[in-house]
Structures are given as C-alpha cells and as structure tokens.
Amino acid sequence: MKLPPLKIKDLEIQLPIIQGGMGAGVSGYCLAGTVSKEGGLGVISSVALDKIIFLRKNQKLSAREATAVEVQDAKELSQGKPVGINIMVALQSQYEDAVLGALDGGVDVIISGAGLPLRLPEIVDSHPNKDKVKLIPIVSSARVFDLICKRWKRTNRLPDAVVVEGPLAGGHIAWRTIEEAELPSNSLENLVKEVLETAKIYNIPVIAAGGIFTHEDIVKYMEMGCAGVQIGTRFLTTYESGASEEFKQAVINCKKEDVILADKPGSPCGLLFRVIKNCPFYEEALANARPIKCDRGYLLINGKCLAKENSEEAFCICNGLLSAINANDNPNEKGLYSVGSNAYRIDKISSVAEIMKELSGE
C-alpha cells in the first residue's frame, strides 16, 4: 500500500509516520531533524534539555532557552520541514517552560502525555506563535480524550489530532498495574476503535501508537481509519539516535523475555515503565542496591521524588536515563534502557533513511 500523507488541518507531512519522543536525549535534534527531512514528523523529547544543551554546546541555558535551541537546530537539519516536540505532563517543574521554549523555537507540533495536558492550550494562548502550532494530546481511552476535548473547548481550542497509545509502547504508559495493561480491552486495536468513534464527533484525526513496528502494521491502522501512526523504538537504534552505543547494543542483544514493565520498584511517576530488565541501572534498583540520588530533579511530583519517600515502590530514573545517551556527563553512572515491547525484534543499527524506506513500503 502506498501510504498517504498525514494531514493535520493545514499541516501536511509527506508520510503518516510520527517518530515517538524518547527521553532523555534519545530523540534529540539530530534524530528528529533527520526523520522530518526523510518525510515523517520528527519529534524531540523535552526531557532534560537544559542539561543536554550544556553538554552538547557548553551553553548554560534555562529550560525554556534550551528547548528553543534544540527546536531551532532540529528545524535547520530538517531543511524547513515540520518538527514536533513531546512534552511530558509529569515533568511538572519544567512543563510550562518547555512549552513556551518550543514555541520560541518555532516548533510546528506539540505532543503531550504522561498525564493529562489540560492546561496546554492555556499556556500556548499566551504566546505570539499560538496560531502556528498544532496541539496533540496522548490518550489511553475515549473517556480521557472526551475529557480533554471538553476542557480545551473552554479556551476555544480543540486538539488538532490525538495520539492513542496502547500498552505495548515504550517508556511510561498510562496504566498503573501490569494486570490493567494486559487486559484485552486495553489492546491498541480496541482503544483505537473507541477513540475513533469519539473523534468523529469532533472531526479530529487519530494517530495510533504502541507496538507498531512494520509497514503492514501501519497499513492495518490506516485501514481502521487512523490518519497516521507514531513509532518510537524502530528509531532508537539508528545512527542518528542519541542513545549510547551500549544502549543500542543492549537493544540488539535483548530477547523478548528481557523486555518488561517495571512495577515495584517502578518510575517515580507512578506509571508503569518499560525497560530492558538486565540493564545495569535497573538490576541495582530491583535489588534495592542503589542509594537514593535525586540530584537531577526532573521527575518531581508536587515537588517531591517518590523514590526518596519509598525506595521499595519507586526508583530514581533521571540519572539512569541521562547515562544512557551520548551526551553523558557521568561515565561512572550506569545506564537505564527504556524501550518498546518490540525492541527484541531489532537486530542491527540502521540509518533513519533505511527505516523510513522500509516503513513506507518502498
């Protein structure tokens, strides 16, 4: 099947493929800019960009300033094609700065999840570029999607599209227990069907995400009525990815049973978090052998890190994520490898161009 373009109001992406945001630093300006240049929508992760810009450019910038720089660099690499950014609601301390910084940099699309992005249109409305950006929430149910639409209507704005993310996605997922995530009713197919019905009411395009790996998977969801798909893990082991060589090799070497949902201990977000179980950082956390070290402070909920309150329930993840990328300021720290459910199917490092050609069915 020849894939049609992804149309989000007046924005048209050559291929209906959004590269999922992968933090911290995996989907930086290089990956996002290259995906956009190759015809998809490249997406930056906003996590820890102040730290990443400092390591990459030796510039000490605020979160807002660093986000603008990363977006500008991605747009330059994309050769003028649209670029997006993923901003996690759970990153409460930097959420508003990341949104405003992305707008300062001229971002074309803001995708927001890991919590309910209820305030997103209000924040955007204060910026001169408010009419130049498309806003896309990530949801895990039709009920949540409807709630967001009703809340956003108060600011006279509806989502420009919606990402429906199922339980096979990488990183944080919406469910709090493994039992919930594995319910047949929560399969991506079922979630997409439900959200498509609600989307018809509002005339909003639907994008499927979580476990999509091949051209055939894309065709399946397009035939269901989706406008496009979001894919993360396929791009993790590209040359352009910000993941460290150790991270990429761990993905290439992992088996299906190595990819698990971290539960107890889990992420300080309180959400399930998919990782490679035998990565060094997680092995220490699982054995409760890591000292509590909350010196990054990115993932604070109401100003606190849950791992500091109860290390049996949660473990600090900021240091591990930042130590799993090329821009690493602490080579003695162990890496935390967050992946999607299909990571075990990857067997080599590829270029973005090769991945995009394969996914497009050429």
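Read-outs: derived from the displayed coordinates by stated rules, not from any lab. Everything quoted here is computed from the prediction, not taken from an experiment. Backbone-built Cβ (ideal geometry, glycine too); neighbour counts: all protein chains shown.
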Highest mean first, what order results for 153-159, 259-265, 164-170 on Cβ atoms within 10 Å? 164-170, 259-265, 153-159
Taking 8 Å as the Cα distance limit and 6 or more residues as the minimum spacing, I'd like the relative contact order of the chain as a percentage. 18
What is the antiparallel percent of DSSP beta bridges lying wholly in the chain, to the nearest 5? 30
As an exercise, use a Förster radius of 30 Å and the Cβ-Cβ distance of residue 310 and residue 116 to find the FRET efficiency, rounded to the nearest 0.05. 0.80
Using 20 Å as the Cα-Cα cut-off, could you pick out the over-long pairs in 132/200; 153/200; 2/348; 255/308; 7/132? 132/200; 2/348; 255/308
Report the rotationally averaged projected area of the chain based on its alpha-carbon convex hull, in square nanometres. 16.0
Quick check on the chain: helices-only [θ] at 222 nm, where DSSP H runs of length 4 and up contribute -39,500 (n - 2.57) each and the sum goes over total residues. Nearest 500, please. -9500 deg cm²/dmol
